[in-house]
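A short reminder: the numbers here are calculations on the coordinates, not readings from a lab. Predicted, not measured: the structure shown is a model, and the values here were computed from it. We place every Cβ from the backbone using ideal geometry, glycine too, and count neighbours over all the protein chains shown.
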């Protein structure tokens, strides 16, 4: 891993130095443009165009890799969003299931209580009927 990192550092350093040299040349061209002849400017232009052509393929490959990376990042972001939505929907379903289960348990408790009240009412009615029969005689 260190070897690869070192290679990356060297490559990056070389590209930065190359960019700095290009910027320095551009500044030089700007500052000396009034003193430089047309032939010298034409030569500088041809030299720069040659460098552009030499770097074009590298730049195209780099652009392609950047596009692929951006597409991959976008796909990853969409995937994470979809996962989040799915997790959110699952959480909502679980909450609904919890509430419905609690509702069912509460309904059973109320029904059981109602059955106990019915049992007590039956016992009370039977007792009253028994007393009425004994009194009537």
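Among the residues making up region 38-51, a single one is more than 21 Å from residue 15 (Cα to Cα) and touching a residue at least 12 places away in the same chain (Cβ under 8 Å): 41.
In the set (1) farther than 23 Å from residue 12 by Cβ; (2) part of a helix (DSSP H, G or I); (3) more than 19 Å from the chain's Cα centre (by Cα), the condition left unmet by residue 35 is number (2).
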